[in-house]
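Student: Pasting a structure here, questions to come.
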Amino acid sequence: MVRLLATFLRSSRAAVPSARPLYSRGYAVASGAAEDAASLGPNSTTAPEGGQHDPIRSIVETPMPQTRNSQPSAPSIGRQGIRIPTGKGDISALHYLLRDGCKCPQCVDQHSKQRNFRMSDIPTDIKPRSADWDGSVLKVKWENDIPGFDESHTSTYTLNQLRNPSANYSYHSTGRKRKRLLWHNWFKHRFVSYEEYMHDDKAFSSAMRNLAQTGLLFVKDVPDSRAEVEKIATRMGPLRNTFYGSTWDVRTVPEAKNVAYTSQFLGFHMDLMYMNEPPGFQLLHCLQNSCDGGESLFADSFAVARQLGIDDPEAFKALCNLRLSYEYNHENDIYTNDWPVFQTYVDEYTQQQRLTHANYSPPFQAPMHGQRRPFNRTVTEMRALDKFAKMLEDESYIYELKLNPGECVIFENRRVLHARKQFNTATGQRWLAGAYVDEDAVLSKFATSARKYPHMWRDSPNKPYRKEAEGEGQVQSN
Ligand SMILES: [Zn+2]
């Protein structure tokens, strides 16, 4: 990861940073992002003893002291749970849940990977009859097993399975709660060549890692064809179909008769907020862009939100509670939904409030006057919203570029806001082909990429990212 990030940073068109902390990993309101430990999880080796990681410490009756012998210590079996010493922090699990996680051929069909038992079939008083641990594999035989499982049933867990029970743990670098690299206008985003993106798995995985971290990626040297956006999108996952079609066009042709006509500025927004599941990722492939103007603008709403949380915690809180309504109301399609501006969760390890999504799309907002809302609260929320909107106008947050034909931008729709400057249709043509891919599909792609190239996706919570972050500003552009 360090090497990857270094490569990533070397290609940075980094301006001299201002005094403001320009670059931070992850999102944290309560403290600086460098202290952010979002990736700490079951796979962490830094879990504090008796800390949040260890909910059943108290129920294991005789915790074994950790030894430094080369011989692995025996697991300690308590009334409700088991503790396995690994030499790098203990792993503990409830007996019931450990039994539930058995993946032996008797429990899980090896072909379909579907379970042959129901969780509710497990007797609540199940416990290990024996537990053998050799330092890398745990073998458990059970007392009071599920009826029908005889004494020969043996559950086997590798150390990796014990540490990472989930196929895509949400706090992992590929998961929903992954750490992010928050960015400002001077950050140089990754441009991966079409050839590498489409045909080089390693380069593609590395590009996906960039996308997971920054939410913004560019593919360059894309062949001049309307069919390409679908190819680029489906490299990540299936197309998301909507009433706009599985792919769609943003196209304007010259209107010679109306020389004065300019297509309007379109402010920062996210797409399809009026849907219950707005698309996770959006692609725009530029086929033509010869008009005057029409520059694309992008802003990292997580970076803005983080700064707002530092500058004005009350405003941040107000936007976590403020649900805005959105609608698409046309003759043949009616969609409505509402979303909090900042969608957050409390990090179970740091107790910090962190973002999963931002939801912000002023052009698509719907009337809210039917709601009973206290006046004072509404005023507080509107002031907070105004503050957020004004921060978004600060050019230090705005990454601007004019997409060239042959470039395709991929961005995380509910993190990276996009906008477009006005353009003059009399001076040329502008044609972008668009597509969406759902977040689930892209997270799956992140996870399968990480399985193939684990070194690229390794989070290293023990290594201070801030050092690298500070270094970034000193990197010269190439
Ligand atoms: Zn089993």
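Student: So is GLN71 at pLDDT 90 or above and either within 16 Å of the ligand (Cβ to nearest atom) or over 18 Å from ASN160 (Cβ atoms) (or both) or not?
Tutor: Answer is no for this residue.
Student: Within region 113-138, restricting attention to residues that are acidic (Asp, Glu) and over 30 Å from ARG451 (Cβ atoms), which residue is nearest to the ligand (Cβ to nearest atom)?
Tutor: So the residue we want is ASP121.
Student: Output the residues belonging to region 74-107 that are in a strand (DSSP E or B) and more than 35 Å from the chain's Cα centre (by Cα).
Tutor: Within region 74-107, SER76, ILE77 qualify.
Student: Take the residues of region 139-193 that are surrounded by 17 or more Cβ atoms within 10 Å (Cβ to Cβ) and of a type in the set (Gly, Ala, Ser): which is farthest from the ligand (Cβ to nearest atom)?
Tutor: SER173
Student: Hey, GLN110 hits all of (1) outside any loop (DSSP other than H, G, I, E, B); (2) within 13 Å of the ligand (Cβ to nearest atom); (3) surrounded by fewer than 14 Cβ atoms within 10 Å (Cβ to Cβ) but one; which does it fall short on?
Tutor: Here GLN110 meets the rest and fails (1).
Student: Any residue in region 107-127 that is in contact (Cβ under 8 Å) with a residue 12 or more places away in the chain sitting within a Cβ distance under 6 Å of a residue that is within 14 Å of the ligand (Cβ to nearest atom) and β-branched (Val, Ile, Thr)? List the pairs, counting only those 6 or more apart or interchain.
Tutor: From region 107-127, the pairs are PHE117/ILE146; ASP121/ILE146; ILE122/ILE146.
Student: Identify all residues within region 310-335 that are in contact with a helix residue (DSSP H, G or I) (Cβ under 7 Å, 6 or more places away or on another chain) and of a type in the set (Gly, Ala, Ser); write none if there are none.
Tutor: ALA315, ALA318
Student: Then there's this: Please specify each residue of region 328-344 satisfying the condition of being of a type outside the set (Phe, Trp, Tyr) and surrounded by 13 or more Cβ atoms within 10 Å (Cβ to Cβ).
Tutor: THR336, ASN337, ASP338, PRO340, VAL341, GLN343, THR344
Student: Filter the strands (runs of 3 or more DSSP E) completely within region 386-434 down to those with at least 2 residues that are farther than 14 Å from TYR360 by Cβ.
Tutor: 398-401, 408-412
Student: Might you check whether a residue that is over 23 Å from GLY175 (Cβ atoms), in contact with a helix residue (DSSP H, G or I) (Cβ under 9 Å, 6 or more places away or on another chain), surrounded by 20 or more Cβ atoms within 10 Å (Cβ to Cβ) and of a type in the set (Phe, Trp, Tyr) occurs anywhere in region 397-417?
Tutor: Yes, some residue in region 397-417 is over 23 Å from GLY175 (Cβ atoms), in contact with a helix residue (DSSP H, G or I) (Cβ under 9 Å, 6 or more places away or on another chain), surrounded by 20 or more Cβ atoms within 10 Å (Cβ to Cβ) and of a type in the set (Phe, Trp, Tyr).
Student: Only residues that are without any contact (Cβ under 8 Å) to a residue 40 or more places away in the chain and either within 16 Å of the ligand (Cβ to nearest atom) or not small (Gly, Ala, Ser) (or both): list them for region 91-106, please.
Tutor: LEU94, HIS95, TYR96, LEU97, ASP100, PRO105, listed by residue number.
Student: Shifting gears a bit: Would you point out which residue out of SER136, SER173, SER152, SER193 is closer than 30 Å to SER301 by Cα and without any contact (Cβ under 8 Å) to a residue 40 or more places away in the chain?
Tutor: SER193
To keep it simple, each residue is scored yes or no on (1) buried (at least 20 other Cβ atoms within 10 Å of the Cβ); (2) of a type in the set (S, T, N, Q); (3) not assigned by the TED database to the domain that holds ARG180.
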{"site": "ALA303", "(1), (2), (3)": "yes, no, no"}
{"site": "ASN321", "(1), (2), (3)": "no, yes, no"}
{"site": "VAL346", "(1), (2), (3)": "no, no, no"}
{"site": "LEU355", "(1), (2), (3)": "yes, no, no"}
{"site": "PRO363", "(1), (2), (3)": "no, no, no"}
{"site": "ALA384", "(1), (2), (3)": "yes, no, no"}
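The values are calculated or read from the model by the stated rules, or taken from the named source; none is laboratory data. Note that the coordinates shown come from a computational prediction; the quantities given were computed from them, not determined experimentally. Neighbour counts are summed over all protein chains in view; Cβ atoms, including those assigned to glycine, are modelled from backbone coordinates with ideal geometry.
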